[in-house]
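> Structure provided below as structure tokens; questions to follow.
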Amino acid sequence: MLRLKVRRIRDGLHPNEVVVGFDTPDGTQETLVVDRRSLGSDDTLRVGYPVGSDQANRRLLVELPRETMRGQWRVWVSGDSVVKEDEAA
Amino acid sequence: MILTDREIKIAIERGLIVINPRPDSIAYASTSVDLTLDPIISEFKAQRGGVETTIDPSNANFKDEEVLTDITERQTISDDGYVLHPQKFVLGWTAEYINLIYHTRLAARVEGKSSLSRLGIVVHMTAPTIHAGFDGQIRLEIANHGFLPVRLRARMRICQLILEQTLGTPDKGYHDQFSGQSSS
């Protein structure tokens, strides 16, 4: 299982929610609302196993636990933006 | 296949689903479990007279959460409840935290309760699916399509969760399943 590194952007509508974001390899910033309990202490988000890979460009296709604000479930992320779950803090 | 009450309880016991706090025994029906309303709701602000606001979801800079933050106000449902008037719409949450574990062959749908539906209350706007891997309190889109105001109270049973067994495990639950895929 992998965890995606994200950064906290703002509080969500509910006190238990937070808006997080991350950058895709093409420079797009994706943002989504998650439950605060989803975030590890190192601000990572569980994304399961990759659903695709692009080894030439060192990218992984991951499915997020919630839809992004742009309506995406699956996004390409760089290989160094994820950590194995057992290595996450 | 839809899980029965018995299968839902077994799935909870085995840690395949987390529902916290755990539902009371009276929350179950044969093929669903009721969830309750969190005290927090987001109410849409009234539009100022003479001002037209249009949302453009296709705009490249559109971010729905930021828009919603701007156009809504957080409210806490008091002991007197919250009166939802006809043709009004608020965002709410289940009081229960839900987690559908990634590798389980389960998905879920949140649906309304017929006792409230008959009054005109709906709890989602055509987006009822809860995918494997979801965790958090489920957001509800609550509207009153009826003819009379309806008083919503915190912790009232507001919706039902229907759990379904999927045919197989999703890609994201499989280790090493992606080796043959590429971006082309």
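The values are calculated or read from the model by the stated rules, or taken from the named source; none is laboratory data. Everything numeric here is computed off the predicted structure, so don't read it as measured data. Here the Cβ is made from the backbone with ideal geometry for all residues, glycine too, and neighbour counts use every protein chain on show.
> Can you name the residue in the range A:17-41 that is polar (S, T, N, Q) and not in a strand (DSSP E or B) and, of all such residues, is nearest to residue B:100 (Cα to Cα)?
The selected residue is A:38.
> Search the range B:118-135 for residues that are of a type in the set (Phe, Trp, Tyr) and crowded, with 19+ Cβ neighbours inside 10 Å and pair each with any residue that is modelled with pLDDT of 95 or more and not in a loop (DSSP other than H, G, I, E, B) when their beta-carbon atoms are under 6 Å apart and the residues are at least 6 apart or on different chains.
Close Cβ pairs satisfying both conditions: none exist.
> Quick one: is residue B:94 of a type outside the set (A, V, I, L, M, F, W, C) and outside any strand (DSSP E or B)?
Considered against the rule, which asks whether it is of a type outside the set (A, V, I, L, M, F, W, C) and outside any strand (DSSP E or B), residue B:94 comes out as no.
> Within the range B:82-106, work out how many residues are more than 13 Å from chain A (Cβ to nearest Cβ) and either free of Cβ contacts under 8 Å to residues at least 12 places away in the same chain or surrounded by fewer than 20 Cβ atoms within 10 Å (Cβ to Cβ) (or both).
The qualifying residues number 7.
> Then there is this: So residue B:64 fits all but one of (1) surrounded by 14 or more Cβ atoms within 10 Å (Cβ to Cβ); (2) in contact (Cβ under 8 Å) with a residue 40 or more places away in the chain; what number is the exception?
That leaves (2) as the condition not met.
> Follow-up. Residues in the range B:78-108 that are farther than 26 Å from residue B:166 by Cβ and of a type outside the set (Ser, Thr, Tyr): how many?
14
> Against the condition closer than 26 Å to residue B:165 by Cα and touching a His at 6+ places or on another chain (Cβ under 9 Å), how does residue B:111 come out, does it pass?
yes
> If you don't mind, another one. So in the range A:7-46, with the set limited to residues that are among the aliphatic types (A, V, I, L, M) and more than 7 Å from every other protein chain (Cβ to nearest Cβ), which one is nearest to residue B:75 (Cα to Cα)?
A:18
Yes or no, residue by residue, for (1) within 18 Å of residue B:35 (Cα to Cα); (2) of a type outside the set (Asp, Glu); (3) part of a strand (DSSP E or B):
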| site | (1), (2), (3) |
| --- | --- |
| B:75 | no, yes, yes |
| B:79 | no, no, no |
| B:83 | no, yes, yes |
| B:107 | yes, yes, yes |
| B:142 | yes, yes, yes |
| B:164 | yes, no, yes |
| B:168 | no, yes, no |
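> Given B:87, B:75, B:160, which one is at pLDDT 95 or above and on the phi > 0 side of the Ramachandran plot?
Only one candidate passes the filter, namely B:87.
> Also, quick follow-up: Limited to the range B:1-17, what total is found for residues that are under 21 Å from residue B:158 (Cα atoms) and in a loop (DSSP other than H, G, I, E, B)?
2
> Does any residue of the range B:122-140 turn out to be among the β-branched types (Val, Ile, Thr) and part of a loop (DSSP other than H, G, I, E, B)?
yes
Residue-wise test of (1) charged (D, E, K, R); (2) part of a helix (DSSP H, G or I).
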{"residue": "B:19", "(1), (2)": "no, no"}
{"residue": "B:22", "(1), (2)": "yes, no"}
{"residue": "B:33", "(1), (2)": "no, no"}
{"residue": "B:41", "(1), (2)": "no, no"}
{"residue": "B:46", "(1), (2)": "no, no"}
{"residue": "B:68", "(1), (2)": "no, yes"}
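> Give A:64, A:60 a once-over and let me know the one that is of a type in the set (A, V, I, L, M) and either more than 24 Å from residue B:20 (Cα to Cα) or loosely packed, with under 15 Cβ neighbours inside 10 Å (or both).
None of the others qualify; the one that does is A:60.
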